[in-house]
1. Considering only the stretch 36-51, state which residues are outside any strand (DSSP E or B) and small (Gly, Ala, Ser).
2. Inspect all residues belonging to the stretch 36-47 and state whether any of them is out of contact with any strand residue (DSSP E or B) (no Cβ under 6 Å at 6 or more places or on another chain), surrounded by fewer than 14 Cβ atoms within 10 Å (Cβ to Cβ) and among the aliphatic types (A, V, I, L, M).
3. Find the residue count for the stretch 9-31, including only residues that are of a type in the set (S, T, N, Q) and surrounded by 12 or more Cβ atoms within 10 Å (Cβ to Cβ).
4. Would you please list the contacts, defined by Cβ atoms under 8 Å and residues six or more apart or on different chains, that run from a residue in the stretch 72-100 that is closer than 18 Å to HIS118 by Cα to a residue that is in a strand (DSSP E or B) and among the polar types (S, T, N, Q)?
5. Pairs, please: C-beta under 6 Å, at least 6 apart or cross-chain, first residue in contact (Cβ under 8 Å) with a residue 24 or more places away in the chain and closer than 12 Å to ARG94 by Cα and in the stretch 1-29, second of a type in the set (A, V, I, L, M) and open to solvent by less than 70 Å² (accessible area, probe 1.4 Å)?
6. All but one of (1) within 17 Å of the chain's Cα centre (by Cα); (2) small (Gly, Ala, Ser); (3) not in a strand (DSSP E or B) hold for SER18, so report the exception by its number.
Amino acid sequence: MKKVFTLIIIAILIVFASWYAFVYFTSYSEGTRSGELIKFSNKGIVFKTWEGEISQGISGAQIFSFSVEDKENKIVEKLQQFQGRYVKVKYKERFAKITWLGDTKYFIIDVEEEDSPHFGNK
């Protein structure tokens, strides 16, 4: 009985590790989005994650929500600096959300400031 229980626990751990590795290392899609950076914060109670939003229109009708991994210190610093400005972000989309990494499936891998097409300045 003890052997069977141990084998079941090991099988469950292998399945979870395989799922995590697949979701973490495999990207569903990659792309870029541009808009005004309207929100960027470090939030959470148990798991603190970096979360942000980009407004992709003058009225804010289309909002792109994203996450940034903790290890991406340079991206976090840039996003804090670019708050309220027009930015272009490069992201990767994962197959599923991982609670301790972020609230979304979209993770920023690069960010740069751009000229706003609406106002003609930064």
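The values are calculated or read from the model by the stated rules, or taken from the named source; none is laboratory data. What you see is a predicted model, and the numbers here were worked out from it, not measured in a lab. Note: ideal-geometry Cβ built from the backbone for every residue, glycine included; neighbour counts use all protein chains shown. Note: areas computed on protein heavy atoms with side chains; ligands, DNA, RNA excluded. Shrake-Rupley method; radii C 1.70, N 1.55, O 1.52, S 1.80 Å.
1. First pass over the stretch 36-51, keeping only residues outside any strand (DSSP E or B): 44-48.
GLY44 - this is the single residue of the stretch 36-51 that is outside any strand (DSSP E or B) and small (Gly, Ala, Ser).
2. yes
3. Let us first name the residues in the stretch 9-31 that are of a type in the set (S, T, N, Q), namely 18, 26-27, 29.
Now drop any that are not surrounded by 12 or more Cβ atoms within 10 Å (Cβ to Cβ), which leaves 27.
Residues meeting the conditions: 1.
4. TYR86/SER34; VAL87/SER34; LYS88/THR32; LYS88/SER34; VAL89/THR32; VAL89/SER34
5. Listed by first residue and then by second, the contacts come to VAL23/ALA96.
6. (1)
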